[in-house]
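The structure appears below as structure tokens.
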Amino acid sequence: MRKPIIAGNWKMNKTIKEGLEFVESIKGKTDDNVETLICAPFTLLKDLKEATKGTNIKIGAQNMHFENSGAFTGEVAPANLVEIEMDYVIIGHSERREMFNETDESCNKKVLKAIEVGINPILCCGETLEEREANETMKKVESQVSKGLLNVDPKDLEKVVIAYEPIWAIGTGKTATAQQANEVISYIRSVVRNMFGDLADSVRIQYGGSVKPANVAEIMGQSDIDGALVGGASLKADDFLGLLKF
Ligand code: 13P
């Protein structure tokens with residue numbers, strides 16, 4: 001049984017004060033049957049982690065370097081996330097791939113490093129509008145997922161979450177239909193199955209791209225969709241609670 005995972009990706013939004021107000025207003029209202037995760041900007045993480053101790057709300061980062069330490073100005077080391085007890089780290093979000101030159105190779109190094117230090121990676125994948133229109137969606141996600149999961153030890157596979165986020169549906173209000181999302185996510189599971197056999201059944205695969213309270217039920221009702229990675233609609237506590245109650 002794969003436990004559903006609903007994650008908010010706050011991207012570059014909220015101050016510490018705003019983040020703390022948010023968690024105060026959702027505390028006690030989350031459900032043990034749904035894994036609840038907030039991925040916030042780095043400077044909020046320590047406070048959010050402390051504020052959610054003893055609750056079932058998990059906290060994650062949105063990026064991490066793959067080296068342990070060194071001359072990488074502006075980057076954040078794995079140990080820095082470990083010392084503040086991060087549960088998850090998003091790896092290879094399309095915004096990072098498109099604007100900050102992340103590659104499948106750097107994402108793979110980050111996935112392996114996150115597992116090594118005990119933080120669960122959320123590996124993102126997804127096609128552009130041009131790729132979808134050229135019927136290259138499956139080819140694109142197959143390449144991203146197979147390269148991203150290269151050399152993952154099968155015993156660690158269940159720690160990995162995959163997020164399928166079609167780039168054309170992010171922040172645009174255009175959602176892939178639940179069926180379109182499920183079709184690609186089923187295919188992603190078959191890619192994982194080719195690499196890891198039936199362990200693929202233990203991997204949770206989220207959909208992301210304009211998920212909101214009004215469409216989350218249909219998305220979560222699909223056979224292969226195990227969760228959602230949500231940007232805009234995760235910023236308001238009421239909307240986020242609506243997502244959790246799919
Ligand atoms: P939106 O929910 O704002 O479309 O963002 C999706 C996303 O990029 C989550 O990582």
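Structural size metrics of segment 2-149, computed from C-alpha coordinates, are Rg and Dmax of 16.1, 48 Å.
Taken over segment 137-217, the percentage of Cα pairs per 10 Å bin, counting from 0 up to the bin with the maximum distance, is 17, 50, 26, 7.
Placing unit charges on the Cβ atoms only, positive for Lys and Arg and negative for Asp and Glu, gives segment 1-42 a dipole magnitude near 140 debye about its Cα centre. Translational diffusion of segment 93-246, estimated by Stokes-Einstein from the Kirkwood radius over alpha carbon pairs at 25 °C in a medium of 0.890 mPa s, is 157 µm² per second. Of the chymotrypsin sites (Phe, Trp or Tyr not before Pro) found in segment 48-111, the ones in coil according to DSSP and having at most 15 other Cβ atoms within 10 Å of their Cβ are 72, 100. Think of segment 1-121 as having a plus end and a minus end, set by charges on the Cβ of Lys, Arg, Asp and Glu; of 8, 79, 92, 8 sits farthest toward the positive end of this dipole. Put simply, when 154-165, 53-64, 14-25, 205-216 are sorted by average Cβ atoms within 10 angstrom per residue, most first, you get 205-216, 154-165, 53-64, 14-25. Where the centroid of each part is defined by its Cα atoms, how far is segment 72-129 from segment 36-64 in Å? Comparing the Cα centres of segment 72-129 and segment 36-64, I get a distance of 15 Å.
Residues 93, 65 in ascending order of nearby Cβ atoms (within 10 Å, fewest first): 65, 93. In terms of distances greater than 32 angstrom between alpha carbons, the cross-link table entries 46/109; 17/155; 155/212 yield 17/155; 155/212. With a cut-off of 8 Å between alpha carbons and a minimum separation of six or more residues, what is the relative contact order of segment 7-81 in percent? Normalised by residue count, the contact order of segment 7-81 is 30 percent. Taking each DSSP H run with n ≥ 4 as -39500 (n - 2.57) and averaging over every residue of the chain yields -12000 deg cm²/dmol at 222 nm.
Here, each number is a calculation from the coordinates, and none is a lab measurement. Being a predicted model, the structure only gives us computed values, none of them experimental. For neighbour counting, all protein chains shown are included, and Cβ atoms are generated from backbone atoms with ideal geometry for every residue, glycine included.
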